[in-house]
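The values are calculated or read from the model by the stated rules, or taken from the named source; none is laboratory data. In this text the structure is predicted, and so the values were computed from the model without any measurement. Here the Cβ positions follow ideal geometry from the backbone for every residue, glycine too, while neighbour counts run over all protein chains shown. For the accessible areas, the whole protein counts, side chains as well, though only heavy atoms, and no ligand, DNA or RNA atoms are used. Shrake-Rupley method; radii C 1.70, N 1.55, O 1.52, S 1.80 Å.
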Amino acid sequence: MPDTSPLHVQSFARGLNVIRAFTGFPLTLSEVAQRSGMPPAAARRYLATLTDLEYLEQEGALFRAKSKLLELAQPYLKANETARKAGPILRLLSDEVSETATLTQYDNGEVINVLATQTAHELSIQVGIGRHLPAYCTAMGRAMLSLLPEQEARHVVEASALLDLTGKTLTGVEAIMEQIGLAREQGYCLVEEEHTLGIRTLSIALQLPQGALIALSVPTPTARENRQAYLQRALKPLQLAAQRMGDD
(Lines give C-alpha, C1' and ligand atoms only; values in the text may rest on other atoms or scores of the structure.)
Protein backbone atom coordinates (compact mmCIF):
# COMPACT_ATOMS: atom_id res chain seq x y z
CA MET A 1 0.00 0.00 0.00
CA PRO A 2 1.54 3.40 -0.99
CA ASP A 3 2.49 6.00 1.62
CA THR A 4 -0.14 8.40 0.24
CA SER A 5 -3.01 6.12 1.30
CA PRO A 6 -4.98 7.50 4.27
CA LEU A 7 -4.98 3.93 5.65
CA HIS A 8 -1.19 3.67 5.66
CA VAL A 9 0.22 3.04 9.17
CA GLN A 10 3.74 4.43 9.05
CA SER A 11 4.87 2.98 12.38
CA PHE A 12 3.87 -0.53 11.28
CA ALA A 13 5.74 -0.08 8.00
CA ARG A 14 8.83 1.07 9.91
CA GLY A 15 8.66 -1.97 12.16
CA LEU A 16 8.61 -4.22 9.11
CA ASN A 17 11.63 -2.36 7.72
CA VAL A 18 13.52 -3.13 10.91
CA ILE A 19 12.69 -6.83 10.56
CA ARG A 20 13.78 -6.77 6.90
CA ALA A 21 17.15 -5.34 7.96
CA PHE A 22 18.11 -8.75 9.34
CA THR A 23 19.47 -10.96 6.57
CA GLY A 24 21.13 -13.68 8.62
CA PHE A 25 23.80 -11.85 10.61
CA PRO A 26 23.68 -9.98 13.95
CA LEU A 27 23.44 -6.21 13.59
CA THR A 28 24.26 -3.20 15.76
CA LEU A 29 21.79 -0.42 16.41
CA SER A 30 23.53 1.87 13.92
CA GLU A 31 23.48 -0.83 11.23
CA VAL A 32 19.75 -1.40 11.73
CA ALA A 33 19.12 2.34 11.60
CA GLN A 34 21.09 2.67 8.38
CA ARG A 35 19.41 -0.31 6.70
CA SER A 36 15.90 0.69 7.74
CA GLY A 37 16.38 4.37 6.92
CA MET A 38 15.47 5.83 10.29
CA PRO A 39 17.23 7.74 13.10
CA PRO A 40 19.00 5.57 15.70
CA ALA A 41 16.66 6.74 18.46
CA ALA A 42 13.63 5.50 16.52
CA ALA A 43 15.36 2.25 15.54
CA ARG A 44 16.18 1.65 19.22
CA ARG A 45 12.47 1.73 20.15
CA TYR A 46 11.55 -0.76 17.44
CA LEU A 47 14.43 -3.04 18.41
CA ALA A 48 13.37 -2.91 22.06
CA THR A 49 9.79 -3.78 21.14
CA LEU A 50 10.79 -6.68 18.90
CA THR A 51 13.14 -7.95 21.61
CA ASP A 52 10.36 -7.75 24.24
CA LEU A 53 8.13 -9.77 21.88
CA GLU A 54 10.96 -12.32 21.47
CA TYR A 55 11.31 -11.86 17.71
CA LEU A 56 14.85 -10.57 18.30
CA GLU A 57 17.45 -11.10 21.00
CA GLN A 58 20.20 -8.79 22.20
CA GLU A 59 23.70 -9.77 23.22
CA GLY A 60 25.80 -6.79 24.15
CA ALA A 61 25.66 -4.30 21.27
CA LEU A 62 24.37 -6.88 18.79
CA PHE A 63 20.81 -7.82 17.88
CA ARG A 64 19.98 -11.08 16.12
CA ALA A 65 16.82 -12.66 14.72
CA LYS A 66 15.17 -15.46 16.70
CA SER A 67 13.31 -18.45 15.31
CA LYS A 68 10.00 -16.90 16.41
CA LEU A 69 10.21 -14.70 13.31
CA LEU A 70 9.38 -17.81 11.28
CA GLU A 71 5.84 -17.58 12.69
CA LEU A 72 5.30 -14.52 10.49
CA ALA A 73 5.80 -16.67 7.38
CA GLN A 74 3.34 -19.37 8.41
CA PRO A 75 0.20 -17.82 6.82
CA TYR A 76 1.98 -17.76 3.45
CA LEU A 77 3.55 -21.20 3.79
CA LYS A 78 0.28 -22.82 4.86
CA ALA A 79 -1.62 -21.22 1.97
CA ASN A 80 1.07 -21.85 -0.65
CA GLU A 81 0.56 -25.21 -2.36
CA THR A 82 4.11 -25.28 -3.73
CA ALA A 83 5.66 -24.74 -0.30
CA ARG A 84 3.41 -27.38 1.27
CA LYS A 85 4.42 -29.92 -1.36
CA ALA A 86 8.10 -29.01 -1.12
CA GLY A 87 8.31 -29.43 2.66
CA PRO A 88 8.59 -33.25 2.86
CA ILE A 89 10.62 -33.37 -0.36
CA LEU A 90 13.20 -30.97 1.07
CA ARG A 91 13.33 -32.86 4.36
CA LEU A 92 14.05 -36.11 2.53
CA LEU A 93 16.67 -34.45 0.34
CA SER A 94 18.35 -32.84 3.34
CA ASP A 95 18.48 -36.18 5.15
CA GLU A 96 19.95 -37.91 2.09
CA VAL A 97 22.80 -35.47 1.50
CA SER A 98 23.25 -34.09 5.06
CA GLU A 99 23.01 -30.55 3.71
CA THR A 100 20.55 -27.69 3.89
CA ALA A 101 17.94 -28.00 1.12
CA THR A 102 16.05 -24.99 -0.18
CA LEU A 103 13.11 -23.90 -2.31
CA THR A 104 13.41 -20.59 -4.11
CA GLN A 105 11.11 -18.73 -6.48
CA TYR A 106 11.94 -16.34 -9.32
CA ASP A 107 10.71 -12.76 -9.08
CA ASN A 108 11.66 -10.08 -11.61
CA GLY A 109 15.42 -10.63 -11.84
CA GLU A 110 15.78 -11.90 -8.29
CA VAL A 111 15.21 -15.13 -6.41
CA ILE A 112 13.39 -15.38 -3.08
CA ASN A 113 14.15 -17.98 -0.44
CA VAL A 114 10.73 -19.50 0.26
CA LEU A 115 11.55 -22.57 2.33
CA ALA A 116 14.61 -24.28 3.78
CA THR A 117 15.22 -27.51 5.65
CA GLN A 118 18.31 -27.18 7.80
CA THR A 119 20.55 -30.13 8.59
CA ALA A 120 22.24 -30.75 11.90
CA HIS A 121 25.62 -31.05 10.16
CA GLU A 122 28.32 -28.98 11.83
CA LEU A 123 29.10 -26.99 8.68
CA SER A 124 25.55 -26.59 7.35
CA ILE A 125 24.58 -23.43 5.46
CA GLN A 126 22.05 -21.17 7.17
CA VAL A 127 19.43 -19.77 4.78
CA GLY A 128 17.35 -16.65 5.45
CA ILE A 129 13.71 -17.26 4.53
CA GLY A 130 12.25 -14.36 2.56
CA ARG A 131 15.66 -13.07 1.56
CA HIS A 132 16.00 -11.72 -1.99
CA LEU A 133 19.12 -12.65 -3.95
CA PRO A 134 20.25 -11.63 -7.45
CA ALA A 135 19.55 -14.13 -10.20
CA TYR A 136 22.64 -13.42 -12.32
CA CYS A 137 25.21 -14.81 -9.86
CA THR A 138 23.34 -17.54 -7.98
CA ALA A 139 22.82 -21.16 -8.96
CA MET A 140 19.09 -20.85 -8.31
CA GLY A 141 18.81 -17.76 -10.47
CA ARG A 142 20.79 -19.12 -13.40
CA ALA A 143 18.92 -22.41 -13.26
CA MET A 144 15.59 -20.58 -13.44
CA LEU A 145 16.79 -18.20 -16.15
CA SER A 146 17.81 -21.25 -18.19
CA LEU A 147 14.12 -22.16 -18.47
CA LEU A 148 13.29 -18.82 -20.09
CA PRO A 149 13.73 -18.11 -23.81
CA GLU A 150 17.32 -17.03 -24.37
CA GLN A 151 16.44 -13.46 -25.33
CA GLU A 152 14.26 -13.04 -22.25
CA ALA A 153 17.04 -14.37 -20.03
CA ARG A 154 19.51 -12.01 -21.69
CA HIS A 155 17.20 -9.06 -21.06
CA VAL A 156 17.06 -9.97 -17.35
CA VAL A 157 20.85 -10.18 -17.13
CA GLU A 158 21.39 -6.91 -19.02
CA ALA A 159 18.89 -5.14 -16.75
CA SER A 160 20.63 -6.38 -13.58
CA ALA A 161 23.23 -4.44 -11.59
CA LEU A 162 26.12 -6.80 -12.31
CA LEU A 163 28.16 -6.27 -9.17
CA ASP A 164 31.37 -8.15 -8.34
CA LEU A 165 30.29 -9.43 -4.93
CA THR A 166 33.21 -11.73 -4.08
CA GLY A 167 36.02 -11.21 -6.54
CA LYS A 168 34.90 -14.44 -8.24
CA THR A 169 31.56 -13.12 -9.48
CA LEU A 170 31.01 -13.15 -13.23
CA THR A 171 29.92 -9.66 -14.29
CA GLY A 172 30.14 -9.86 -18.09
CA VAL A 173 26.82 -10.46 -19.84
CA GLU A 174 28.26 -12.97 -22.29
CA ALA A 175 30.05 -14.95 -19.57
CA ILE A 176 26.84 -15.14 -17.53
CA MET A 177 24.79 -16.11 -20.57
CA GLU A 178 27.30 -18.88 -21.29
CA GLN A 179 26.71 -20.29 -17.80
CA ILE A 180 22.93 -20.02 -18.24
CA GLY A 181 23.29 -21.90 -21.53
CA LEU A 182 25.35 -24.58 -19.78
CA ALA A 183 22.62 -24.94 -17.14
CA ARG A 184 20.04 -25.29 -19.91
CA GLU A 185 22.13 -28.03 -21.53
CA GLN A 186 22.94 -29.94 -18.34
CA GLY A 187 19.61 -29.58 -16.58
CA TYR A 188 21.26 -28.22 -13.44
CA CYS A 189 23.41 -25.28 -12.39
CA LEU A 190 26.51 -25.22 -10.18
CA VAL A 191 27.86 -21.92 -8.86
CA GLU A 192 30.89 -21.54 -6.61
CA GLU A 193 31.59 -18.48 -4.45
CA GLU A 194 30.06 -15.95 -6.84
CA HIS A 195 27.50 -14.63 -4.37
CA THR A 196 29.14 -15.62 -1.07
CA LEU A 197 32.72 -16.74 -0.49
CA GLY A 198 33.01 -20.28 0.82
CA ILE A 199 29.65 -21.47 -0.53
CA ARG A 200 29.02 -23.80 -3.46
CA THR A 201 25.41 -24.37 -4.61
CA LEU A 202 23.81 -26.93 -6.89
CA SER A 203 20.33 -26.12 -8.23
CA ILE A 204 17.67 -27.59 -10.48
CA ALA A 205 14.81 -25.41 -11.70
CA LEU A 206 11.24 -26.27 -12.63
CA GLN A 207 8.39 -24.34 -14.21
CA LEU A 208 5.08 -24.86 -12.45
CA PRO A 209 1.85 -25.40 -14.44
CA GLN A 210 0.74 -21.86 -13.61
CA GLY A 211 4.01 -20.52 -15.04
CA ALA A 212 5.99 -19.69 -11.90
CA LEU A 213 9.69 -20.62 -11.85
CA ILE A 214 11.08 -22.40 -8.80
CA ALA A 215 14.34 -24.12 -7.94
CA LEU A 216 15.46 -26.76 -5.49
CA SER A 217 19.00 -26.33 -4.23
CA VAL A 218 21.65 -27.88 -2.02
CA PRO A 219 24.23 -25.34 -0.80
CA THR A 220 27.41 -26.59 0.85
CA PRO A 221 30.69 -25.15 2.18
CA THR A 222 33.46 -25.37 -0.42
CA ALA A 223 35.78 -26.58 2.34
CA ARG A 224 33.83 -29.84 2.76
CA GLU A 225 34.99 -31.49 -0.49
CA ASN A 226 35.98 -30.76 -4.07
CA ARG A 227 33.51 -29.99 -6.83
CA GLN A 228 33.46 -33.47 -8.37
CA ALA A 229 32.90 -35.22 -5.05
CA TYR A 230 30.04 -32.83 -4.31
CA LEU A 231 28.39 -33.51 -7.66
CA GLN A 232 28.73 -37.27 -7.22
CA ARG A 233 27.16 -37.04 -3.79
CA ALA A 234 24.40 -34.47 -4.31
CA LEU A 235 23.32 -34.41 -7.97
CA LYS A 236 21.30 -37.63 -8.14
CA PRO A 237 19.35 -36.97 -4.89
CA LEU A 238 18.64 -33.44 -6.12
CA GLN A 239 17.42 -34.75 -9.49
CA LEU A 240 15.09 -37.20 -7.72
CA ALA A 241 13.78 -34.42 -5.50
CA ALA A 242 13.09 -32.23 -8.54
CA GLN A 243 11.32 -35.16 -10.21
CA ARG A 244 9.11 -35.61 -7.13
CA MET A 245 8.40 -31.90 -7.09
CA GLY A 246 7.33 -32.00 -10.75
CA ASP A 247 5.06 -35.02 -10.34
CA ASP A 248 1.32 -34.32 -10.28
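For first residues located in segment 208-220 and over 30 Å from residue 197 (Cα atoms), partners that are part of a strand (DSSP E or B) and lie 6+ apart or on another chain with Cβ distances below 9 Å form the pairs 208/214. Scanning segment 172-203 for residues that are among the aliphatic types (A, V, I, L, M) and in contact (Cβ under 8 Å) with a residue 24 or more places away in the chain turns up 176, 177, 180, 183, 190, 191, 197, 199, 202. Taking segment 221-238 as the search range and keeping residues that are exposed (fewer than 14 other Cβ atoms within 10 Å of the Cβ) and in contact (Cβ under 8 Å) with a residue 12 or more places away in the chain, which one is nearest to residue 139 (Cα to Cα)? Among those that are exposed (fewer than 14 other Cβ atoms within 10 Å of the Cβ) and in contact (Cβ under 8 Å) with a residue 12 or more places away in the chain, it is 227. Elements of the type helices (runs of 4 or more DSSP H) sitting completely within segment 129-248 and holding at least 1 residues that are closer than 18 Å to residue 110 by Cβ and modelled with pLDDT of 95 or more: these cover 139-145, 150-159, 173-186. Against the criterion of being open to solvent by less than 50 Å² (accessible area, probe 1.4 Å) and under 24 Å from residue 19 (Cβ atoms), residue 166 does not qualify.
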